[in-house]
Structures are given as structure tokens and as C-alpha cells.
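Here's the structure, in C-alpha cells; my notes come after.
The values are calculated or read from the model by the stated rules, or taken from the named source; none is laboratory data. Computed from a prediction, not measured in an experiment: that's the story for all the values here. Cβ: placed from backbone, ideal geometry, glycine included. Neighbour counts: every protein chain shown. Note: accessible area is taken over every heavy atom of the protein model, side chains too, but ligands, DNA and RNA are not part of it. Shrake-Rupley method; radii C 1.70, N 1.55, O 1.52, S 1.80 Å.
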Amino acid sequence: MTPQMIDRLWQAFLDTLFMVGVSAGIAVLAGIPLALFLVTSGPEGIFPAPRANRVVGTLVNGFRAVPFIVLLVALIPFTRLVAGTTIGVWAAIVPLSVSATPFFARIAEVSLREVDAGLIEAAQSLGCRRRHILAHVLLPEALPGIVGGFTITVVSMIGASAMAGAVGAGGLGDVAIRYGYQRFDTTVMSVVIAILIALVCLVQRVGDTAVRRLRAR
């Protein structure tokens, strides 16, 4: 493998980390409030708003039902509006974030629903305000599950970022398509696959460790 290809792989690796990192940050910032809304706005929630709950739940399900490669193409006008371009790293962040946010929100919602209802009732009986219940009961108790769900989301985003390379998003997927597939360079393809596997294993290991420590508190 030439030094130029090694440099290209290194830059693609950094681009993938950037794409996934920024998109994951957006997914957390948007996904946790969305999950809290879905949990608390249900008929038996502490902020009941059943109609709004159904509307938001339908939108979340709609985005989750669309395959990422289809969403990637369908969002091209929106991506151009937000990022000013439809190719490159920044253009990939838009569909990655839009795809990951409802996915992560549903996983976080499941973790929030698993919090013992008795804890919420006890907090209510002690006179806690609803926002305090969110901050001091629901989120801390559901945190291990949320972190575990975030790990799954990041792993999915690594795969999706490689897929986005097929349409010029940059990163490892782009190198694999242009040099590994189109030029029949099996060495480049093998190296890209090995890097992606190592990256996924590292993320999963870090996530599992964080979950174990949170559960041992």
C-alpha cells in the first residue's frame, strides 16, 4: 500500500469519526428530550398530552421506517438547505442525525418506561415537582439503559456513515467504494473493513464498560 493511500485512509478515518461524533451529539441532544416527551405525554404520563403524543410518535415511527439509503436521497433538498452542499462530510451529518435521532429516542424511551413506577409515585407523594421527577428520578434511573442504547445507536451510525460514502459523503465508505470496489483493490477494501470492525468493537467495549459502572453505583 502506498504512502498516499495510507494518508488517504487516515484522513477518511478522521472524517468518519467527525461525521459520527457530530451526528451522535445531535442525536443525544434531540433524542433524549424527544424520549422524555414520548414517555411523559402519554395518557398515564406526568405531562399528559395524548394527541401530541400520537402525532410525535407517528412522526418518529415514520422516520424509523425509512431505510437510511432512501432517507439519504430523500433529504437531499433539506441537506442542501442546511449544509449548503450535498456531498462531503457536512452533507452526511444531516441525514445521519435525522436518521439516528428517532432511533435513539425510541431506545431511550424504552429505558425510561422501565423505571419503577413506585419511585415516581413516591417522589410525587413527597411533593416533588414534575420537572424534578424528570431530572432526579427518571433520567438517573434510566441512565444505564440510555447509555446502552446510545452505544447501539453509534454502532449503527458507523455502518450508516460507510453507506453514505456510496453517494460522496466522504469517510471510510467513500474510500472503500472508490478505491476498493471501483478499482478492484482488495487490499484497500480489506483494510477499510478491518478499521470499521475495530472501531465498532472499541465503541461497544467503551459503552459496555460505562453501563456496568453506572449499574454498580
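If you go through segment 170-194 and keep only what is open to solvent by 50 Å² or more (accessible area, probe 1.4 Å) and of a type in the set (S, T, Y), you end up with Y181, T186, T187, S190.
Can we say D116 is more than 21 Å from A27 (Cα to Cα) and in contact with a Gly (Cβ under 6 Å, 6 or more places away or on another chain)? No. How many residues, within segment 195-217, are surrounded by 15 or more Cβ atoms within 10 Å (Cβ to Cβ), at pLDDT 90 or above and closer than 10 Å to V147 by Cα? The qualifying residues number 3. Pairs, please: C-beta under 7 Å, at least 6 apart or cross-chain, first residue closer than 14 Å to S97 by Cα and open to solvent by 80 Å² or more (accessible area, probe 1.4 Å) and in segment 56-70, second of a type in the set (A, V, I, L, M, F, W, C) and at pLDDT 85 or above? Cβ pairs passing all conditions: F63/V98; R64/F103.
Scanning segment 1-25 for residues that are buried (at least 17 other Cβ atoms within 10 Å of the Cβ) and of a type in the set (A, V, I, L, M, F, W, C) gives L9, A12, F13, F18, M19, V20, A24. In this structure, does A30 turn out to be touching a helix residue (DSSP H, G or I) at 6+ places or on another chain (Cβ under 6 Å), among the small types (G, A, S) and open to solvent by 40 Å² or more (accessible area, probe 1.4 Å)? Taking the combined requirement at face value, the residue satisfies it.
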